[in-house]
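Here is the structure we will look at, set down as structure tokens.
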Amino acid sequence: MITCNLKGGLGNQMFQYSFYLYIKYQYKQRILCDLSYFDYEESESFTKRLFSLENAFDLDIKDFRKTILF
């Protein structure tokens with residue numbers, strides 16, 4: 001199983017999502033998204049980003065932490 005870690009602002013999320021789609025269709029495997037990056041709190045050395053890809057493009061991206069794996 002492959003896990004895709006999405007991070008950064010909207011531009012980075014768009015690039016990472018396009019790579020996710022490429023891998024998904026190239027290898028025809030189940031790929032899960034890790035959205036844990038967006039759970040961190042803002043600090044002096046870290047600017048908090050929002051997961052905005054879903055809202056901007058009306059996507060339904062499943063966070064692997066909410067998926068039961070067997």
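The values are calculated or read from the model by the stated rules, or taken from the named source; none is laboratory data. Bear in mind the structure is a predicted one, so any value in this text is a computation, not a measurement. Here the Cβ is made from the backbone with ideal geometry for all residues, glycine too, and neighbour counts use every protein chain on show. We work out accessible area using only protein heavy atoms, side chains counted, and drop any ligands, DNA or RNA first. Shrake-Rupley method; radii C 1.70, N 1.55, O 1.52, S 1.80 Å.
For the stretch 1-21, the candidate set comprises residues that are part of a loop (DSSP other than H, G, I, E, B) and free of Cβ contacts under 8 Å to residues at least 60 places away in the same chain; within that set, the residue that is most open to solvent (accessible area, probe 1.4 Å) is 7. Just to be sure, is residue 49 modelled with pLDDT of 80 or more, in contact with a helix residue (DSSP H, G or I) (Cβ under 9 Å, 6 or more places away or on another chain) and open to solvent by 60 Å² or more (accessible area, probe 1.4 Å)? When the stated conditions are applied, residue 49 passes them.
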